[in-house]
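S.K.: For reference, the structure I am asking about is given below.
The values are calculated or read from the model by the stated rules, or taken from the named source; none is laboratory data. What you see is a predicted model; the values in this text were computed from it and never measured. Ideal geometry is used to build each Cβ from the backbone, glycine not excepted, and the neighbour counts take in all protein chains shown.
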């Protein structure tokens, strides 16, 4: 007999302490004695939404340039490896994030490295040319030369007309990176890479007092700089169905349907996050059950939130089975979304989605790196305490809220559609 048990009794609080340096650098420390490792996570409040429409892709390019070394440390990776650590970074529309994981007694190495490249990054022509070549090749391989790779390049300018989310983090056009020079890149670096615009979060086997002491030692003397204050154009409500059809050399047709939704900090985000999990978060979800197995229209069908800080998208993505008409497939998706009003989410479905959320949270936070980033991200959203309070947001979602959110979001006039079809033989 299968028994569904709620995991809510196993939730836990992530304890942390905060300190702000005189130059504005926000420092967060979480002590975890269960691991011999520590992660130093440095988040910069600078993403692709901060770029000029005629010079996009800079935030992502800097993700690469920040590993190019400085006059003091020509090879960034070498000291990390010598300290027994590993490091990486990622960029999205809202932020750029760097992290180093290493044994806790070598934490100072991470602070030394990150403070050095915060001020002394090598932006000489030779370094810039090398990384421009790497990024433009990545653009070609991931977005231009890969099957279905250009979907984001098509979707974002279809769904967004004025907000800078209308281009992905890789950039709007490959020529923007090709034309970037040391002067324009240095302006971007000086504007965004400073203590006032950064959050340093540390998680692992280290005391907060030691974290704050080392942070002051290595970052405290750096000039504050200016904190990023955005004045971005507000995307107007979509007032009509949008649709494009493209033909590409792909083996099967693909359907994309995107619906505008609220900001990351809104109640709507948590409601829709659970709803999309109910629809497609597991093999027993409504979409795999109805669209893939019962009606045999799709070989795979997913729906998810884009997750941006500003108003984002709920995106349906489905690969069609051979011979299925894409208009019939789109109508089936619309039917399933409309059916939420006639056949509401059941308490059992909602409980299962809550359990999956809690299980994922528990597993995720076994990693010091995940905790370090989450603390920094919630601080960027407004308060690092959100790492703990968001659990209650998910647990308190009701069936009525899901029905209301679905009726507001899944409207035909709020939908942007891509019919991505194989080239005609």
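S.K.: Picking from 303, 278, which residue would you name as being assigned to a helix (DSSP H, G or I) and either over 26 Å from residue 250 (Cα atoms) or within 27 Å of the chain's Cα centre (by Cα) (or both)?
M.R.: Sole residue among the options that is assigned to a helix (DSSP H, G or I) and either over 26 Å from residue 250 (Cα atoms) or within 27 Å of the chain's Cα centre (by Cα) (or both): 278.
S.K.: So, residue 110, is that one assigned by TED's automatic domain parsing to the domain that holds residue 26, out of contact with any helix residue (DSSP H, G or I) (no Cβ under 6 Å at 6 or more places or on another chain) and buried (at least 22 other Cβ atoms within 10 Å of the Cβ) or not?
M.R.: Considered against the rule, which asks whether it is assigned by TED's automatic domain parsing to the domain that holds residue 26, out of contact with any helix residue (DSSP H, G or I) (no Cβ under 6 Å at 6 or more places or on another chain) and buried (at least 22 other Cβ atoms within 10 Å of the Cβ), residue 110 comes out as yes.
S.K.: Which of the residues that make up the stretch 352-407 are exposed (fewer than 15 other Cβ atoms within 10 Å of the Cβ) and under 30 Å from residue 340 (Cα atoms)?
M.R.: 359, 360, 362, 389, 392, 396, 398, 399, 400, 404, 407
S.K.: Can you report the number of residues in the stretch 342-371 which are in contact with a helix residue (DSSP H, G or I) (Cβ under 8 Å, 6 or more places away or on another chain), within 30 Å of residue 90 (Cβ to Cβ) and not in a helix (DSSP H, G or I)?
M.R.: Residues flagged as in contact with a helix residue (DSSP H, G or I) (Cβ under 8 Å, 6 or more places away or on another chain), within 30 Å of residue 90 (Cβ to Cβ) and not in a helix (DSSP H, G or I) within the stretch 342-371 amount to 1.
S.K.: Which of the following residues is more than 22 Å from residue 39 (Cβ to Cβ), crowded, with 22+ Cβ neighbours inside 10 Å, out of contact with any strand residue (DSSP E or B) (no Cβ under 6 Å at 6 or more places or on another chain) and not assigned by TED's automatic domain parsing to the domain that holds residue 310: 171, 149, 126?
M.R.: Going through 171, 149, 126 in turn, the sole match is 171.
S.K.: Within the stretch 162-170, can one find any residue that is in contact (Cβ under 8 Å) with a residue 12 or more places away in the chain and out of contact with any helix residue (DSSP H, G or I) (no Cβ under 9 Å at 6 or more places or on another chain)?
M.R.: yes
S.K.: For the stretch 241-268, which positions are surrounded by fewer than 12 Cβ atoms within 10 Å (Cβ to Cβ) and either part of a strand (DSSP E or B) or in the same structural domain as residue 166 (by TED's automatic domain parsing) (or both)?
M.R.: 245, the sole residue that qualifies.
S.K.: Okay, next question. Sort out which residues of the stretch 289-304 are farther than 11 Å from residue 329 by Cα and surrounded by 20 or more Cβ atoms within 10 Å (Cβ to Cβ), and write them in order of number.
M.R.: Listed by number, the list holds a single entry, 303.
S.K.: Let me ask you something else. Looking at the stretch 317-326, can you tell me whether even one residue there is on the phi < 0 side of the Ramachandran plot, in contact with a helix residue (DSSP H, G or I) (Cβ under 6 Å, 6 or more places away or on another chain) and assigned by TED's automatic domain parsing to the domain that holds residue 264?
M.R.: Scanning the stretch 317-326 turns up at least one residue that is on the phi < 0 side of the Ramachandran plot, in contact with a helix residue (DSSP H, G or I) (Cβ under 6 Å, 6 or more places away or on another chain) and assigned by TED's automatic domain parsing to the domain that holds residue 264.
S.K.: Only one of 271, 314, 324 is surrounded by 21 or more Cβ atoms within 10 Å (Cβ to Cβ) and farther than 19 Å from residue 416 by Cα. Can you tell me which?
M.R.: Exactly one of 271, 314, 324 is surrounded by 21 or more Cβ atoms within 10 Å (Cβ to Cβ) and farther than 19 Å from residue 416 by Cα, namely 271.
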